[in-house]
1. For region B:136-155, what are the residues that are within 30 Å of B:Phe300 (Cα to Cα) and assigned to a helix (DSSP H, G or I)?
2. Among the residues in region A:201-210, are any in a helix (DSSP H, G or I) and in contact with a Gly (Cβ under 7 Å, 6 or more places away or on another chain)?
3. Just to be sure I understand, how many residues within region A:248-274 are within 9 Å of chain B (Cβ to nearest Cβ), of a type in the set (A, V, I, L, M) and within 30 Å of B:Arg269 (Cβ to Cβ)?
4. Only one of A:Arg120, A:Arg107 is more than 13 Å from chain B (Cβ to nearest Cβ) and out of contact with any Asp or Glu (no Cβ under 8 Å at 6 or more places or on another chain). Can you tell me which?
5. Can you run down the residue pairs with Cβ atoms below 9 Å, 6 or more apart or on separate chains, where the first is in region B:361-389 and without any contact (Cβ under 8 Å) to a residue 40 or more places away in the chain and the partner is surrounded by fewer than 13 Cβ atoms within 10 Å (Cβ to Cβ)?
6. For residues in region A:72-108 being at pLDDT below 95 and assigned to a helix (DSSP H, G or I), which is farthest from A:Trp49 (Cα to Cα)?
7. How many residues, within region B:315-352, are assigned to a loop (DSSP other than H, G, I, E, B), under 18 Å from B:Trp229 (Cβ atoms) and not polar (S, T, N, Q)?
8. Within region B:230-240, track down each residue that is touching a helix residue (DSSP H, G or I) at 6+ places or on another chain (Cβ under 8 Å) and surrounded by fewer than 22 Cβ atoms within 10 Å (Cβ to Cβ).
2 protein chains.
Amino acid sequence: MKQIAILGSTGSIGRNTLRVVDALKGEFGVAALGAGANVELLTRQVEQWRPRMVSVSDEESAEKLIYELKQRGVASRPVIGVGVEGLCEVATFDGVETVIGAVVGARGLLPTYRALELGRRVALANKETLVVAGELMTRAAEKSGAELLPVDSEHNALHQCLRGEKRREVKRLILTASGGPFRNSSKEEIENATPAQALRHPTWRMGAKITVDSATMMNKGLEVIEAHWLFNASADEIDILVHPQSVAHSMIELVDGSIIAQLGVTDMRHAIQYALTYPERRPADLPPLDLTMLGKLEFFAPDPEKFPCVALAYDALRRGGTMPAVLNAANEVAVAAFLDEKIRFGDIPRLIRAACEAHTPQTASSLDTVLAADRWARDWVEQKITCQWTAASVN
Amino acid sequence: MKQIAILGSTGSIGRNTLRVVDALKGEFGVAALGAGANVELLTRQVEQWRPRMVSVSDEESAEKLIYELKQRGVASRPVIGVGVEGLCEVATFDGVETVIGAVVGARGLLPTYRALELGRRVALANKETLVVAGELMTRAAEKSGAELLPVDSEHNALHQCLRGEKRREVKRLILTASGGPFRNSSKEEIENATPAQALRHPTWRMGAKITVDSATMMNKGLEVIEAHWLFNASADEIDILVHPQSVAHSMIELVDGSIIAQLGVTDMRHAIQYALTYPERRPADLPPLDLTMLGKLEFFAPDPEKFPCVALAYDALRRGGTMPAVLNAANEVAVAAFLDEKIRFGDIPRLIRAACEAHTPQTASSLDTVLAADRWARDWVEQKITCQWTAASVN
């Protein structure tokens, strides 16, 4: 039985990972779970999976967990870690083969890095890891021989399409994008879109931050940067194709003009299972994709006028170093401010552009360097917003 | 320089093979060409490619070729063979690595078999070869270690989709079908369709026989049988999906529910080049596929009521032995009679069904056995038609 550790076990990816492990009866054991402050769910996970180590965000949650486990009469008490240090202990826990990296935000960087250093397979769902620290992560993986397998549907699809191909014979990686809720909106409508409108995603149900990223199409921009690191592809080799039905999860174009696409249901358990069982495939506990039920598949070029975030991400990737970290941090702060109704939807790309322009990229030589750039960008954008940021101030 | 031989050099596949060889400057040499009676074109091919051996259908064509070559002052005179024997000499010509099997009809069987016996790679475009003699061909290839690479777009697509996958992890092969000109016609309209209507194919330009096969959807039935032999898949593992745009050339479904599809332009040079250069891919002299220009991709289940040929082919595959040879021969004679306006479109499946019902399948133990079944079916159907076959006589 292969042992796994989950960083972010109470989140959406974490919960679905446990469903997959459950469906693959007996093939995987759960050695360690890292969570935040959702002690209630973590308690039930410990009760069911009996990990030998768990980690929570703080001491208070740790005490609550001990209490809950005692209350429920759970005999096997796991070792309990706290904070990022606890997550690192989960990621490096003895005997673990695969680490699912699904912690949201910068907290996931160090534990993921530690797992890669140890040569463990990392099934990566944390979006920031490669955007912020792609060079460090891939270098660590290369050095230790660790496999880095993408869990989000687009990169997982690319991984599947690339299975039988030689890297030098791949001409383009084509990330498909749903186009988000504003695909058919005018520039003006997008400029003044409300949080309620931005959160109405057509195909995928996800958290608020990611859903807004989908509305700005920054999610694709970030995915371009991730694809660069995962598949050693330059910005020029990565394209975006709007595909509202989200059935083709991504595709590759070969030098001979052939296109290989991966299609599937929009259920993250597929990619999770793929990353766990690779290079094998296992029967999945999912409804099959019935193409005859879909009506039609459409493909459009993305509109750079309406979705300036895409070009911002390409620019950050081309400038390199700490620039993608700044892009990502500026985006996070701007999206949060938008959800708080402090700025307009159209201000999101303006704030990101301004932050990137104000930043002089440095070589991403250490996690400290990229995290410093991340912090700088957060402070910079927050200050901008506090100082009565309005669209007029930069336009 | 790798040497190739082309069986059927003056046909559509043959001519396109030479265009591909031309575009791949210097990578392939043309050692031998097998043609029929189109001496004019063959003369020009000899002039350009300087094969050391050619073959024509009969003595008269051979004499004409010698005369033409002398007239044009072509110094290097190739060895000239005649008939099926000549084709066999082309297929087994010394130093040839890859044989393109593109002769139409049963004449292609023996030369293809000889090439496979010798362990040569066969790029197969002859539709009959595997339908009529799939067991013999694949057994010969297995014994000698010969590679059998499909050149038609659907099987070539399947081959591409299967590259990175383990056979046991493949759940289904999904052959896409344009649906032909009668996709949206009523059963009554199809019953009485004219040759002119049947020859109006929506996406591919092909010969008359194949175009009618597309209108009856027997082409897909035959492709199901081919796929069975090429990929060692049972009838239950092969499905047909109507896809009017013919952009996805075929797909596979894996056990985990993932679908891998191959998409490309509708130009046979792609598959020809793939079969020549496999396992490598080379830049192609073809326009790229622009998915944003296509509008939409649609997928439908085939209608068994309107296209009974599909079920007839599945039945023949399941019954096995000489039955697919009978299906194929009966279809050929029926299609020719339809093009001659001797029978109605709706009679095609009726004649095929009647021939299959009249046949007791034997083990396909030798080429003689399958060719005898083929001859029997041709005679049987021809006689039926001569004896005033009408729809009323079986309905």
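1. Across region B:136-155, the qualifying residues are B:Ser153, B:Glu154, B:His155.
2. no
3. Within region A:248-274, residues that are within 9 Å of chain B (Cβ to nearest Cβ), of a type in the set (A, V, I, L, M) and within 30 Å of B:Arg269 (Cβ to Cβ) number 8.
4. A:Arg107
5. Between residues of region B:361-389 that are without any contact (Cβ under 8 Å) to a residue 40 or more places away in the chain and residues that are surrounded by fewer than 13 Cβ atoms within 10 Å (Cβ to Cβ), the close pairs are B:Lys384/B:Ser393; B:Cys387/B:Ser393.
6. Out of the qualifying residues, it is A:Ala106.
7. Number satisfying all stated conditions: 2.
8. B:Phe231, B:Asn232, B:Ala233, B:Ser234, B:Ala235
The values are calculated or read from the model by the stated rules, or taken from the named source; none is laboratory data. Small disclaimer: the values here were computed from a predicted structure and weren't measured. Cβ coordinates were reconstructed from backbone atoms using ideal geometry, including for glycine residues, and neighbour counts include every protein chain displayed.
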